[in-house]
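Participant: Sharing a structure, written as structure tokens. Questions coming.
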Amino acid sequence: MASIVFEQVTKSFDRTAIIRDLDLTIEDGKFTVLVGPSGCGKTTLLRMIAGIGPQTSGRVLIDGKDVSRVAPGQRGVAMVFQNYAIYPTMSVRENIEFGLKNNKVPKEERKRLVESIGETVGLSGLLDRKPSALSGGQRQRVALARAMVKKPSVFLMDEPLSNLDAKLRVQMRVELIELHKKLGTTFVYVTHDQTEAMSMADTIVLMNEGVIQQMSSPAEMYHRPANRFAAEFIGLPPMNIAELGPDGVQLGFRPESAALSEEPLDHHLCIRGVIATREMLGSETIYQVRTDKQAYMVRSAEDRFEVDRPVYVGVPAEKLHFFGADGRRIDERSSDVRWYLEAARGLVYA
Amino acid sequence: MRNHALWEKLRPYVMIAPAMAGIVLFVVYPVLYLVRLSFYKYNLMNKAKSKFIGWDNYRKLFGNDDFYKSLVNTVWYTVGVVALTMILSLLIALWLRRSSRWNALVQAGIFTPHIVSIVSIALLWLWMMEPSHGLLNYVLQSLGLPTSTWLQSSKTALVSVIIVSVWHGIGYYALILVAALQSIPPSIYEAAALDNAGRFKLFFRITLPLISPQLFFVLVIMTIGSFKVFDTVQVMTDGGPNQATSTIVYYIFRYRSTNIGYSSATGVVLMLVVGALTFLYFRLLSRKLHYQ
Ligand SMILES: Nc1ncnc2c1ncn2[C@@H]1O[C@H](COP(=O)(O)OP(=O)(O)O)[C@@H](O)[C@H]1O
Ligand SMILES: [Mg+2]
């Protein structure tokens, strides 16, 4: 078990800084998810922890020790690569065993460990196969077993589920959460998928262009996004954003916070529009409501609203978010919010 | 209807007929003709005087010490060239695997001998290896190292020929191996680094198995090529001194006009030896190969 600390870390490729002066503390024993759009530097961050793409400047500490000069194999970390990086010439058993052999674990114990891990991840009958004879899901398990067998104090995973089909992905999500519970070690999990982040994380670290946008629990991130980026990245469909006033303040509400009706609603915010599109998802329906200014997404349990019909969208005051001209969240306890709420009421369309 | 079905059956054969005609004309027929010739005492001046003599050519061949000498020379030449080229080109490939401008330049330099005719190269080396005025001995001498008689002594002649052949081929094979090394995904090495693999393990457990198909290709191609060596010997030594560099193909060449049947028999033996060796390679090594 170990915590991970980044202190003033900068990472450059050919003089272009991808990450600049980053400070970050990843708590011991937590399931931390790094999430953000593709190319934002998640993999780069993970590789700095592993030591396979060391920082340009600054310090990385694992369990309080500066590991800048420690080789990847000596850091007590294991990593599941996005493409799994399984050794193609070795059998499943040899793949899992390789790290143990290098660490001079005695043969008897190696055998025992490999068989028990094989059992855990469901590879028992496949230990003597070559990776080329395995399915995507099985390869993913080999990568997982190879990491687990070393009993690392930090578990790094780079989009480990992105190559699996939707059903297997959901199943593996649950298995990884259980694995984390069982092992109790520090997990750092990278994904670009906000659903994955929300469903698995103890702590989400949301990144954009190499900068941490927000670090909090999934609930906090959902209910109190720190800025517009967080508001629009987390949640599906993303939060609706509308201009509020001349000072650049913007108002936001989540598609699932809004109510739909054919009659005018007495919610705090009430917008009149026309249904432009309608997506039936089964348990719920997603509507796009178009006003003369912009479009809003609304998620509703009711599927009775037809396309091209005029409707009212209502949002209660406590579900409204406000963002300043700089994109930052305006705290609901701040004195200005009362004023913005009044302005929002003014948005009622006749 | 019947016609249609017949056409369906024939079509594949008609389609490959042109290619097959080429193969029959240029591969199968010459080989069969070679075998036929080997059973004749052939008269180049007067075809009518040629006569069938059965296994006589072969009997003569296997009773000839010069033939055995050439065979042994060829084997040593092949072993030397294949081993040296493979080891050196692998080392060079490992050195050049990182793609940078400097490495590309070095690679181009090493490759250059391959695009020059072996005859020119042989002549050049012949001149450099001249014992009393040549460049090599001059350099050795000025470095205070012992000089060599190179091509002029039966002790060093074969080694000298081997050196030239290795020098000629190394760039090409290094190029193949560099490409093989560069096709290994870097994440495999990163995973191995996290698995705490040492340099030795990394090379023998990861790198070598992953480039085994290319190494095998180089081994087979070079063995076949080396067994048929001729031009270097012809230009540099004429098989001498004292038969020290006479190889099988050079032996065949010596009898080209005096006894073509005998030459053909030697050619058939060479073909069988190379065929058997290639078969052996596949039997012994193909299971150790890893194809992606
Ligand atoms: N080896 C490299 N050389 C140059 N640029 C790189 C390299 N690796 C990553 N980058 C750049 O760094 C940025 C972040 O990449 P990465 O960390 O892989 O993003 P992601 O969040 O999708 O994992 C990208 O803009 C990418 O182009
Ligand atoms: Mg990535």
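For (1) exposed (fewer than 14 other Cβ atoms within 10 Å of the Cβ); (2) at pLDDT below 90, each residue gets a yes or a no:
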{"residue": "B:Lys47", "(1), (2)": "yes, yes"}
{"residue": "B:Lys60", "(1), (2)": "no, yes"}
{"residue": "B:Leu71", "(1), (2)": "no, no"}
{"residue": "B:Thr85", "(1), (2)": "no, no"}
{"residue": "B:Ser89", "(1), (2)": "no, no"}
{"residue": "B:His114", "(1), (2)": "no, yes"}
{"residue": "B:Ile121", "(1), (2)": "no, yes"}
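Participant: Do we have A:Glu220 as part of a helix (DSSP H, G or I), away from ligand 1 (no atom under 16 Å from the Cβ) and under 19 Å from A:Thr25 (Cα atoms) here?
Facilitator: Criteria met by A:Glu220.
Participant: Taking the range A:134-170, which residues are away from ligand 1 (no atom under 16 Å from the Cβ), closer than 23 Å to A:Ser38 by Cβ and touching a Phe, Trp or Tyr at 6+ places or on another chain (Cβ under 8 Å)?
Facilitator: A:Arg139, A:Gln140, A:Ala143, A:Phe155 - these are the residues of the range A:134-170 that are away from ligand 1 (no atom under 16 Å from the Cβ), closer than 23 Å to A:Ser38 by Cβ and touching a Phe, Trp or Tyr at 6+ places or on another chain (Cβ under 8 Å).
Participant: Which members of the range A:178-194 meet the condition of being surrounded by 15 or more Cβ atoms within 10 Å (Cβ to Cβ) and either assigned to a helix (DSSP H, G or I) or more than 16 Å from ligand 2 (Cβ to nearest atom) (or both)?
Facilitator: A:Leu179, A:His180, A:Leu183, A:Thr185, A:Thr186, A:Phe187, A:Gln194 - these are the residues of the range A:178-194 that are surrounded by 15 or more Cβ atoms within 10 Å (Cβ to Cβ) and either assigned to a helix (DSSP H, G or I) or more than 16 Å from ligand 2 (Cβ to nearest atom) (or both).
Participant: Quick check on A:Thr195: is it among the hydroxyl-bearing types (Ser, Thr, Tyr), modelled with pLDDT under 95 and over 14 Å from the mean Cα position of the chain (by Cα)?
Facilitator: Spelling it out, it is not the case that A:Thr195 is among the hydroxyl-bearing types (Ser, Thr, Tyr), modelled with pLDDT under 95 and over 14 Å from the mean Cα position of the chain (by Cα).
Every residue, every condition in (1) within 14 Å of chain B (Cβ to nearest Cβ); (2) at pLDDT 90 or above; (3) within 16 Å of ligand 2 (Cβ to nearest atom), yes or no:
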{"residue": "A:Lys107", "(1), (2), (3)": "no, yes, no"}
{"residue": "A:Ser116", "(1), (2), (3)": "no, yes, no"}
{"residue": "A:Val121", "(1), (2), (3)": "no, no, no"}
{"residue": "A:Leu126", "(1), (2), (3)": "no, yes, no"}
{"residue": "A:Leu134", "(1), (2), (3)": "no, yes, no"}
{"residue": "A:Gln138", "(1), (2), (3)": "no, yes, no"}
{"residue": "A:Ala143", "(1), (2), (3)": "yes, yes, yes"}
{"residue": "A:Val149", "(1), (2), (3)": "yes, yes, no"}
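Participant: Restricting the range A:36-54 to residues that are touching a residue at least 40 places away in the same chain (Cβ under 8 Å) and away from ligand 2 (no atom under 11 Å from the Cβ), which is farthest from A:Gly210 (Cα to Cα)?
Facilitator: If we take residues in the range A:36-54 being touching a residue at least 40 places away in the same chain (Cβ under 8 Å) and away from ligand 2 (no atom under 11 Å from the Cβ), then A:Ala50 is farthest from A:Gly210 (Cα to Cα).
Participant: Does A:Asn95 fit the bill of being in contact (Cβ under 8 Å) with a residue 60 or more places away in the chain, among the polar types (S, T, N, Q) and either within 13 Å of another protein chain (Cβ to nearest Cβ) or away from ligand 2 (no atom under 16 Å from the Cβ) (or both)?
Facilitator: no
Participant: Does B:Asn103 satisfy being without any contact (Cβ under 8 Å) to a residue 60 or more places away in the chain, surrounded by 13 or more Cβ atoms within 10 Å (Cβ to Cβ) and in a helix (DSSP H, G or I)?
Facilitator: It is true that B:Asn103 is without any contact (Cβ under 8 Å) to a residue 60 or more places away in the chain, surrounded by 13 or more Cβ atoms within 10 Å (Cβ to Cβ) and in a helix (DSSP H, G or I).
Participant: Which one of these is surrounded by 15 or more Cβ atoms within 10 Å (Cβ to Cβ), among the β-branched types (Val, Ile, Thr) and within 16 Å of ligand 1 (Cβ to nearest atom): A:Thr44, A:Thr16?
Facilitator: When all the criteria are applied, what remains is A:Thr44.
Participant: Restricting attention to the range A:202-217, report how many residues are away from ligand 1 (no atom under 16 Å from the Cβ), of a type outside the set (Asp, Glu) and under 11 Å from A:Phe31 (Cα atoms).
Facilitator: 2
The values are calculated or read from the model by the stated rules, or taken from the named source; none is laboratory data. The structure displayed is predicted, hence computed values, not measured ones. So basically every Cβ, Gly included, is an ideal-geometry build from the backbone, and we count neighbours across all protein chains shown.
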